[in-house]
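The values are calculated or read from the model by the stated rules, or taken from the named source; none is laboratory data. Keep in mind that this is a model prediction, so the values were computed, not measured. Because the Cβ atoms are built from the backbone with ideal geometry, glycine has one as well, and the counts that use them run over all protein chains shown.
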Amino acid sequence: MSQPEVQMGPNFIRNIIDEDLASGKHQTVITRFPPEPNGYLHIGHAKSICLNFGLASYYRGRCHLRFDDTNPVKEEQEYIDAIKEDVRWLGFEWDEYEFHASDYFETLYAYAEKLVEKDQAFVCDLTPDEMREYRGTLTEPGKQSPFRGRSVEENLDLLRRMRAGEFADGSRVLRAKIDMASPNLNLRDPIIYRILRATHPRTGDAWCIYPMYDFAHGQSDSIEEITHSLCTLEFQDHRPLYDWFCEALEIYHPQQIEFARLNLTYTVMSKRRLLELVNEKHVSGWDDPRMPTLSGMRRRGFPAAAIRTFCERIGVGKSDSVIDMTVLEDCVREELDQSAPRAMGVLRPLKVTITNYPEGASEEFTAPCHPKNPEMGCRTIPFSREIYVDRDDFMEDPPKKFFRLGPDREVRLRYGYIIHCDEIIRDPASGEVTELRCSYDPETGGGKLPEGRKKVKGIIHWVSAAHALPVKVRLYDRLLSVADPAGEKQRDDRELLNPDSLEQIDKALVEPGLATAEPGDAFQFERLGYFVVDAADSEPGRPVFNRVVTLRDTWAKVAEN
RNA sequence: UGGGGUGUAGCCAAGUGGUAAGGCAGCGGACUCUGACUCCGCCAUUCGGGGGUUCAAAUCCUCCCACCCCAGCCA
């Protein structure tokens with residue numbers, strides 16, 4: 001399999017695998033990533049993908065992609081396709097090892113008959129309500145179903161007729177015969193097959209009974225000879241059940257290892273909640289750039305390599321944890337700093353007239369596309385008498401440490417001249433500053449500093465008014481306004497949404513060279529952050545930019561205090 | 001209050017009886033035509049708490065505390 005370079009520090013799962021390899025329990029490592037195709041993949045899945053594919057790559061084994069498609073009422077082909085696209089985008093390849101639990105429906109059914117024949121499963125006619133009553137509670141044992149004593153012959157006949165479609169949906173189920181008094185509720189005669197008339201994305205209407213996840217997952221791992229079956233913590237209680245099935249069915253027994261799922265601050269990770277956000281139109285879709293989905297992050301401009309770095313950096317353990325979103329953002333910055341060409345763009349334009357520059361004249365400055373990577377080449381930036389700078393780079397009454405424009409202050413235009421602010425023009429009605437009138441020093445073009453001239457600390461970005469390309473820019477912020485939504489159980493998710501998660505700027509101005517940028521191209525707008533050309537809403541010559549993430553801003557921290 | 005887990009710095013996380021890795025954040029400094037990047041330095045006498053075993057304990061024993069998961073014909 002061709003996989004990206006996978007870094008992986010020591011962790012408890014590697015320790016277990018090392019022991020298994022050393023003891024001869026296993027000669028090779030076979031893992032699997034087992035999504036249910038009932039939604040889009042999110043960054044939490046990325047943790048599992050990087051772990052499973054990463055381990056396989058580290059030990060030169062292999063990793064299967066298996067769809068756990070046992071519930072046709074929630075699963076769709078759209079999701080199957082999207083999941084495959086996302087896994088590939090993340091950089092992993094499963095070659096011919098693509099499987100579906102539905103591939104095993106016939107085998108699974110045979111397993112069910114085998115259990116019945118061994119008198120370890122029975123058909124139960126209890127209603128869902130009755131079933132709940134019989135199940136008992138966390139502290140009280142359950143009661144045995146009155147149907148538990150049916151003969152093997154009767155059970156086999158009933159099971160076959162279930163499959164043949166003789167009974168109504170929900171009228172009967174097949175249950176394993178284990179122990180209604182077990183303190184582990186999963187062992188209180190769990191349901192293993194239910195009657196469900198729903199069209200399955202892969203098997204169509206071939207079946208009207210479907211295995212429960214618990215009766216499919218472990219056996220699928222067994223059939224595929226998975227050596228180490230990694231899953232999240234909530235399945236620890238199910239492990240004894242999988243053990244019981246493997247033993248009863250006398251089949252190969254994979255080893256399940258549980259790890260803590262990923263939580264990220266200021267977002268949610270459950271497919272149910274993400275689906276709600278989509279359905280209730282709080283976001284534009286699964287791929288809204290604010291979503292923690294892989295498709296959302298892709299559209300947002302997060303490089304796949306950054307997500308891989310992130311998954312490596314957070315490690316893997318068994319304790320519940322919430323990772324700060326800034327860790328992910330830092331991985332994105334690290335990646336983009338190296339790969340993104342630089343450009344200049346002004347988000348909130350403030351007009352500046354260079355009063356001593358000839359009217360109608362213009363010139364071009366040459367600037368490197370990347371300060372540390374000359375191979376990326378240079379671009380030219382037009383300059384003229386009227387330019388725009390960002391409003392944030394001007395203060396009427398600036399503090400001493402503010403190194404930008406202010407009355408009677410000097411600043412360098414990035415790659416251009418040093419200018420001096422001589423005059424402030426205001427809107428007479430509102431008093432708002434509408435223009436700055438400045439003078440430039442002709443000796444300082446292209447970054448030059450004449451002998452004896454004092455260096456200017458402040459350097460700001462700008463665009464030429466006559467040449468700039470007007471573009472739409474969207475500034476994204478955290479989806480939720482609270483860091484840990486799990487700690488806000490009493491509040492509805494909708495109250496937790498950050499009302500300022502999206503800010504649209506209709507008339508930002510960028511370097512003219514950006515007109516030819518292609519969807520997916522990422523740039524660093526110097527001093528502002530990284531921006532990507534939106535893949536869905538851009539048109540040729542009219543790119544729409546999504547802000548991926550801002551640059552680190554130590555000034556912002558200083559300004560807060 | 002049954003069962004299963006987890007607790008090492010602000011956030012992750014190594015560590016498996018020999019005297020607390022690493023990363024991120026933070027702080028201080030250097031460099032800088034991006035207040036970015038990069039670089040250098042600092043940052044747990046202590047491992048949820050109490051007892052105990054040992055020459056030696058984050059690691060072993062014991063009691064306690066906190067948090068998470070489980071009562072879908074979901075996965």
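Go through region A:14-45 and give me each residue that's in a loop (DSSP other than H, G, I, E, B), loosely packed, with under 13 Cβ neighbours inside 10 Å and of a type in the set (D, E, K, R). Full working, then the answer.
Step one: filter region A:14-45 for residues in a loop (DSSP other than H, G, I, E, B), giving A:24-29, A:34-41.
From what is left, the residues that are loosely packed, with under 13 Cβ neighbours inside 10 Å are A:24-25, A:27-28.
A:Lys25 - this is the single residue of region A:14-45 that is in a loop (DSSP other than H, G, I, E, B), loosely packed, with under 13 Cβ neighbours inside 10 Å and of a type in the set (D, E, K, R).
When A:Glu276, A:Glu334 are screened for being of a type outside the set (Lys, Arg), touching a residue at least 40 places away in the same chain (Cβ under 8 Å) and in a helix (DSSP H, G or I), only A:Glu276 passes.
Can you find a residue that is within 19 Å of A:Pro519 (Cβ to Cβ) and small (Gly, Ala, Ser) anywhere in region A:326-342? Break it down stepwise before answering.
So in region A:326-342, the residues within 19 Å of A:Pro519 (Cβ to Cβ) come out as A:332, A:335-336, A:339-341.
Filter again for small (Gly, Ala, Ser), leaving A:339-340.
Yes: region A:326-342 contains one or more residues that are within 19 Å of A:Pro519 (Cβ to Cβ) and small (Gly, Ala, Ser).
Scoring A:Pro382 on the criteria (1) within 16 Å of RNA strand B (Cβ to nearest atom); (2) in contact with a strand residue (DSSP E or B) (Cβ under 6 Å, 6 or more places away or on another chain); (3) outside the structural domain of A:Val473 (by TED's automatic domain parsing) leaves a single failure, condition (3). For region A:406-423, the set of residues classified as over 25 Å from A:Thr366 (Cα atoms) and either within 12 Å of RNA strand B (Cβ to nearest atom) or crowded, with 16+ Cβ neighbours inside 10 Å (or both) consists of A:Gly406, A:Arg409, listed by residue number.
The criterion of at least 1 residues that are farther than 24 Å from A:Pro470 by Cβ and in contact with a Pro (Cβ under 8 Å, 6 or more places away or on another chain) is met, among strands (runs of 3 or more DSSP E) falling completely within region A:382-453, by A:418-426.
Table: residues versus (1) within 9 Å of RNA strand B (Cβ to nearest atom); (2) more than 41 Å from the chain's Cα centre (by Cα); (3) in contact (Cβ under 8 Å) with a residue 40 or more places away in the chain.
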{"residue": "A:Cys124", "(1), (2), (3)": "yes, yes, yes"}
{"residue": "A:Arg132", "(1), (2), (3)": "yes, no, no"}
{"residue": "A:Leu138", "(1), (2), (3)": "yes, no, yes"}
{"residue": "A:Gln144", "(1), (2), (3)": "no, yes, yes"}
{"residue": "A:Phe147", "(1), (2), (3)": "no, yes, no"}
{"residue": "A:Ser151", "(1), (2), (3)": "no, yes, no"}
{"residue": "A:Asn155", "(1), (2), (3)": "no, yes, no"}
{"residue": "A:Ala164", "(1), (2), (3)": "no, yes, no"}
{"residue": "A:Asp169", "(1), (2), (3)": "yes, no, no"}
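Here region A:236-257 is the region considered, the condition is being more than 21 Å from A:Glu19 (Cα to Cα) and surrounded by 18 or more Cβ atoms within 10 Å (Cβ to Cβ), and the residue that is farthest from RNA strand B (Cβ to nearest atom) is A:Leu249.
Only residues that are in a strand (DSSP E or B) and surrounded by fewer than 18 Cβ atoms within 10 Å (Cβ to Cβ): list them for region A:195-205, please.
So the first thing to find is which residues in region A:195-205 are in a strand (DSSP E or B), and the list is A:195, A:200, A:204.
Passing the criteria: only A:Gly204.
Being free of Cβ contacts under 8 Å to residues at least 40 places away in the same chain and over 20 Å from the mean Cα position of the chain (by Cα) is the filter here, so list the residues in region A:57-96 that pass it. Answer for region A:57-96, where residues must be free of Cβ contacts under 8 Å to residues at least 40 places away in the same chain and over 20 Å from the mean Cα position of the chain (by Cα): A:Arg60, A:Lys74, A:Glu96.
Within region A:449-463, residues that are more than 8 Å from RNA strand B (Cβ to nearest atom) sit with their Cβ atoms under 8 Å from residues that are among the hydroxyl-bearing types (Ser, Thr, Tyr), at 6+ positions apart or across chains, in these pairs: A:Pro450/A:Thr444; A:Arg453/A:Thr444; A:Trp462/A:Tyr388; A:Val463/A:Tyr388.
If the condition is being aliphatic (A, V, I, L, M) and surrounded by fewer than 20 Cβ atoms within 10 Å (Cβ to Cβ), then region A:302-322 contributes A:Ala304, A:Ala305, A:Ile314, A:Val322.
Restricting region A:171-181 to residues that are touching a residue at least 40 places away in the same chain (Cβ under 8 Å) and closer than 17 Å to A:Glu247 by Cβ leaves a set whose member that is farthest from RNA strand B (Cβ to nearest atom) is A:Lys177. Answer with yes or no whether A:Glu518 is over 24 Å from A:Phe394 (Cβ atoms), more than 16 Å from RNA strand B (Cβ to nearest atom) and either in the same structural domain as A:Tyr388 (by TED's automatic domain parsing) or assigned to a loop (DSSP other than H, G, I, E, B) (or both). Spelling it out, A:Glu518 is indeed over 24 Å from A:Phe394 (Cβ atoms), more than 16 Å from RNA strand B (Cβ to nearest atom) and either in the same structural domain as A:Tyr388 (by TED's automatic domain parsing) or assigned to a loop (DSSP other than H, G, I, E, B) (or both). Against the list (1) aromatic (Phe, Trp, Tyr); (2) within 14 Å of RNA strand B (Cβ to nearest atom); (3) crowded, with 21+ Cβ neighbours inside 10 Å; (4) within 21 Å of A:His228 (Cβ to Cβ), the condition A:Phe92 fails is (2).
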